[in-house]
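To start, the structure under review is shown below, and the notes come after it.
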Amino acid sequence: MIIQRQAKWLVNRLEDRLIFIGLAAILTAWLVNGQRWWLPALLLSYLCIRVASLADKVVFFLMISIIVVVGTLAFRVRPPRITTIPAPINIHIQADSIKVNGDQLSGIATEINSKSKSFLVYYRLQSPQEKLYFQNNYHNLNLQITGEVTPIMAATNRGQFDNRNYQWQAHRIQYAINVSQIQSCVYDDHHWIDQLLSWRQQLYLHFMRFPKPLNVYLTGLIIGKFDGDLTFKQDMSQLGIIHLFSLSGLHVFVLINGIYFFATRLRFTRELVERWLLILLPLYCLFVGAGVGIRRAVFLTVLNICLHQVKWHWGKLDKISVIMIVLLLLDPYLLFNLGGQLSFGMSLALILNRWHSAIGRQLNLMLASLPLLLYFSYSWHLGTLILNLIMIPLFEVIILPIIIGVAFLPFDMWHIHSFVNGGLTALDQCLHFVAQTRTLNVIFGQPSLIIVTGLVMTAFWILNQTQQRNRLKGSVVYGTLLVVSFIMIHFPLMGQITLIDIGQGDSILITTPFHRQTVLIDTGGKLKLPLQSWQKKIQQDGVTKITLPFLKQQGISHLDAIVLTHQDADHLGDLQTLLQSIPVVRVVFAQGLTQNPHFYQKLVDPMIKPHYFPVLAGDQLNLAGMRFSAVHPFQPGMGANEDSLVLYTELGHKRWLFTGDVDQAGEKGIITHYPSLKVDFLKIAHHGSKTSSNPDFIQQLQPQFALISSGRHNRYGHPDQETLQTLTKLRVPYLNTQTSGMITFRYSLNGNYHVRVFGVKP
Amino acid sequence: MRCLLCAAQFHQTLSVQTILKLGPIMRPTVCSSCLDRFVPINHQNACPSCQRYQEKRTVCQDCQFWQAKYPGESFRHHALFYYDDQMQQFFQDYKARGDFRLATVFSSVINDFFRHHQFDTYCCLPPDLQRLANRGFDHVKALFSSLETLDLLQKRQSSQPQAQKNRQQRLATPQIYSFSGDYRCLKHPRSILLLDDIYTTGRTLTHARMCLREAGFKGKIVTFSLVRA
């Protein structure tokens, strides 16, 4: 009784003050584990002053304790130093994490002896039979394996998806095990959570037997496992409606409301329904994979039921603050991804929103989400606002009920399935068409964190205003911030020369300051090994994974020129993808390359036909305001290494030589034809192979700095020790993408240079 | 939170400005639907000088009467609400029955007003001592508790409260206030705001105004009442 009275007192005391404690929790989590610590530190200290000015000791004390608790929790889950795990070991793989792609098996596992540590598991399947076994498996597996433990690779390029960060924040995983041999394999579904996961996988396999794209909707909307193909996913995230296809908070609320609706129709009492929901919802949350949105929805429903039981009334702002605090205490990384930020940001925006019209509300949600979308995906589709207005009701009222209905139909009612499937196919095609319309997609680039914070705060200020004049004022500030950020990205003060870390291969981006012009030298690519059909993986190539996100992050929406040095796969293997995904004005290559049938295949069917420029040594090129001189090859060839196009240029008063894969003979040819040629920066030919980089050549050029572009653990052993010794002997310092990741030189027109490597964290 | 007037549960959703701005946050004591039932004064249909309800925006007869009586004065009065049944009920509960909690009902509206209108000195009209003893609190001062007020006036013992007189009797009331404050308080301020709960004929506020003049105040005197009858 006394406890209840004290709780009541505390609740009354904290009423409509909980938002401060929630904000403190968020800022602390950001401060401990995020980038740019000074920004959250500044905001947090302001929050402390603000709460102190409330002159409420209880609130202040609670805020300080939340800061301390979240701070320690967040600090404790920082990644520890990597230690090695002995092999062979016994591991336990989660049933619903097993994925089979071509001949690759992947999953999430825990070590059986120390349950706490989890890691990714990769295994190369040996035979089609083995593949079939794992594809149809829905049990949790206990495996005894030998293999190699490696830390998960961090991103090595700007704009690239950082798997290491993602795995740590989403699953607390920092190692991957590359399994070389599986010694034994047994089922283990004893734990009740394992049983739940096994059922989930069973249902997943059942749904996957439905025709496409119905199966994608079924798995996404019912068990929260969104497995569409890559283009579909890309299209939907570009349109900003990807959250509709996978189970989210929005859908869970619709489901719960549906349950209440039908239960009351069936004359169940509300109390009974609430009691069942209280038991079933947390289990359901685990079953569907506990995404942030789902966690928020389930917690809110549970909180509502509890409050209803004790007959307390709380405001919406207090409820969301409590959920924020509880979820952050459970997982300090909750808000480090786009999904979490959007889920909480949008519900907070809806609560604070004071515009009454539906369009105004949707507009406000867009204003609040736009900066986050730009920060994480660098571009914005103009159709997003309208599509959300149409698609949200469509999903909630039509698609979700239909999908749930279809899921419970017996499997042999195929005509209904094919009817629904036909409708969904038509919908997908419409969406694909809209997504592929390039003019609607604005490539913005990545705005800075300060501007993003400013934009989000302004958006919240706008949506909270009731007076037209104040809204207008806020909109002007918002627009100004957006335009300033756009200008900063698209009209930079500095030019850059960037060696993209594309793996084994070359890809170099050159841009000019102010009115930015862009030239890409080579695209990179992978040598395709012959594979049997069951071994073929569905995967993205280097251009899609690395180059295109980097260009988007820089706000580059078209290339003024692509230079192709020669026809090897590691230089232009991904040319076709690039030409299909981004408009290119000119393509420059050495004469004779078009005679090569391999090369010609790659130019088939690009969306926009660029102009082709075949060149030879002695040709002067004016590419997008930059002057290049070709110094090699001297006669047309077939595009082999020795026919490489070598380009000389001056950027910001420094001389550069881009050498492609030219061999020692070619290098000697260059110094005999151009005996007075000197450079400041030299791209070492052929990834540092000893077949190139003749000492006489380098001695004559007298470079200040050398650059090597080669892949990690490449099969050719590039760069060769011999080349590195030559460089050391001639006292030429060098950087290699193999160890430094992406290497960027920024220059201004007056010749100031500074170099920045993206860095590979140990 | 429970509304003091209708006893219903209600919530306050803080605005972004309140969350970010420094300073304490008031908890409202009445729900917005109860507060909305009081009729705020519409300046389009009010006397510009005393806020009395009328069709035109010209100075009303009352004000012309006061102007003629005290030619040297410039009369300027602010008020927030009209006097209607709802307001009558409120004052019945607050003043007659003495529900002290109701003093906070209008505090957010009053605070909003004084955020935009500021004066050098604020002075509440005091009740006479006997009624103060009966009620147990100063009802005017309680309404304006967020302002720093000075006690400059004292009310003489009167036989009958103003509310129980008719209009003629009210206007005929002789001076009921005397100056009780420190005379030095009148030297510096350029403007004094006189605060009262209800403005009916303007007699009491004008008495208070003249009392200050007799005490030697030369600056601007503006009057304010929560309600204009």
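General remarks:
- In a residue-by-residue description of the range A:422-431, the property of being crowded, with 17+ Cβ neighbours inside 10 Å, of a type in the set (A, V, I, L, M, F, W, C) and over 30 Å from residue A:214 (Cα atoms) applies to no position.
- Qualifying residue in the range A:269-284 (condition: over 29 Å from residue A:201 (Cβ atoms), surrounded by 15 or more Cβ atoms within 10 Å (Cβ to Cβ), modelled with pLDDT of 90 or more and among the polar types (S, T, N, Q)): no
- Restricting the first member to the range A:477-498 and to residues that are free of Cβ contacts under 8 Å to residues at least 24 places away in the same chain, and the second to residues that are part of a helix (DSSP H, G or I) and buried (at least 18 other Cβ atoms within 10 Å of the Cβ), the beta-carbon pairs closer than 8 Å and six or more apart or on different chains are A:477/A:458.
Residue-wise test of (1) under 26 Å from residue A:250 (Cα atoms); (2) under 26 Å from the mean Cα position of the chain (by Cα).
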| position | (1), (2) |
| --- | --- |
| A:144 | no, no |
| A:147 | no, no |
| A:152 | no, yes |
| A:178 | no, yes |
| A:184 | no, no |
| A:207 | yes, no |
| A:210 | yes, no |
| A:222 | yes, yes |
| A:226 | yes, yes |
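- Checking A:370, A:352 one by one, the residue that is of a type outside the set (Gly, Ala, Ser), modelled with pLDDT of 90 or more and more than 22 Å from the chain's Cα centre (by Cα) is A:352 and no other.
- Boolean, residue B:29 is within 14 Å of chain A (Cβ to nearest Cβ), not small (Gly, Ala, Ser) and not in a loop (DSSP other than H, G, I, E, B): no
- Residues being over 30 Å from residue A:49 (Cα atoms) and either within 14 Å of another protein chain (Cβ to nearest Cβ) or surrounded by fewer than 12 Cβ atoms within 10 Å (Cβ to Cβ) (or both) are represented in the range B:72-83 by at least one member.
- Condition check for residue A:187: of a type in the set (Phe, Trp, Tyr), surrounded by fewer than 21 Cβ atoms within 10 Å (Cβ to Cβ), in contact with a strand residue (DSSP E or B) (Cβ under 8 Å, 6 or more places away or on another chain) and touching a residue at least 24 places away in the same chain (Cβ under 8 Å): yes
- Filter result (surrounded by 14 or more Cβ atoms within 10 Å (Cβ to Cβ) and of a type in the set (Ser, Thr, Tyr)) within the range A:161-184: A:166, A:175
- Whenever a residue of the range B:44-60 is closer than 16 Å to residue B:200 by Cα, its partners that are surrounded by fewer than 17 Cβ atoms within 10 Å (Cβ to Cβ) and of a type in the set (Phe, Trp, Tyr), lying with C-beta atoms within less than 7 angstrom and at least six residues away or across chains, give the pairs B:46/B:53.
- Condition broken by residue A:758, with the remaining ones in (1) more than 27 Å from residue A:626 (Cα to Cα); (2) surrounded by 18 or more Cβ atoms within 10 Å (Cβ to Cβ) satisfied: (1)
- Total residues in the range A:345-364, condition in a helix (DSSP H, G or I) and within 14 Å of chain B (Cβ to nearest Cβ): 8
- Qualifying residue in the range B:88-100 (condition: more than 14 Å from chain A (Cβ to nearest Cβ), under 21 Å from residue B:200 (Cα atoms), assigned to a strand (DSSP E or B) and not hydrophobic (A, V, I, L, M, F, W, C)): no
- Checking residue B:79 against (1) assigned to a loop (DSSP other than H, G, I, E, B); (2) at pLDDT 90 or above, the condition it does not meet: (1)
- For the range B:188-204, residues that are assigned to a strand (DSSP E or B) and of a type in the set (Lys, Arg) total 0.
- Filter result (within 17 Å of residue A:654 (Cα to Cα) and not in a loop (DSSP other than H, G, I, E, B)) within the range A:715-742: A:734
- Qualifying residue in the range B:36-51 (condition: assigned to a loop (DSSP other than H, G, I, E, B), touching a Leu at 6+ places or on another chain (Cβ under 9 Å), surrounded by 15 or more Cβ atoms within 10 Å (Cβ to Cβ) and within 14 Å of another protein chain (Cβ to nearest Cβ)): no
- Residue in the range A:669-704 that is nearest to the chain's Cα centre (by Cα), counting only those that are surrounded by fewer than 17 Cβ atoms within 10 Å (Cβ to Cβ) and in a loop (DSSP other than H, G, I, E, B): A:704
- Options B:211, B:185: the member that is farther than 21 Å from residue B:71 by Cβ, more than 17 Å from the chain's Cα centre (by Cα) and assigned to a helix (DSSP H, G or I): B:185
- Test: residue B:68 is within 14 Å of chain A (Cβ to nearest Cβ), small (Gly, Ala, Ser) and not in a strand (DSSP E or B): no
- Annotation note: of A:616, A:593, A:529, A:572, the sole residue that is within 29 Å of the chain's Cα centre (by Cα), in contact (Cβ under 8 Å) with a residue 12 or more places away in the chain and within 25 Å of residue A:687 (Cβ to Cβ) is A:572.
- Candidates B:18, B:13, filtered to the one that is in a helix (DSSP H, G or I), within 14 Å of chain A (Cβ to nearest Cβ), hydroxyl-bearing (Ser, Thr, Tyr) and more than 20 Å from the chain's Cα centre (by Cα): B:18
- The single residue among A:507, A:485 that is in contact with an Asp or Glu (Cβ under 6 Å, 6 or more places away or on another chain) and at pLDDT 90 or above turns out to be A:507.
- From the options A:317, A:342, residue that is within 14 Å of chain B (Cβ to nearest Cβ) and assigned to a helix (DSSP H, G or I): A:317
- The numbered conditions (1) in contact with a Gly (Cβ under 8 Å, 6 or more places away or on another chain); (2) closer than 29 Å to residue A:581 by Cβ are all true for residue A:461 except (2).
- If you check A:569, A:561, A:617 for being in contact with a strand residue (DSSP E or B) (Cβ under 6 Å, 6 or more places away or on another chain) and more than 26 Å from residue A:489 (Cβ to Cβ), only one passes: A:617.
- Pair list, Cβ under 7 Å, 6 or more apart: the range A:108-129 residue among the small types (Gly, Ala, Ser), other residue in a loop (DSSP other than H, G, I, E, B): A:118/A:172; A:118/A:173
The values are calculated or read from the model by the stated rules, or taken from the named source; none is laboratory data. Computed from a predicted model, the values in this text were never measured in an experiment. Cβ coordinates were reconstructed from backbone atoms using ideal geometry, including for glycine residues, and neighbour counts include every protein chain displayed.
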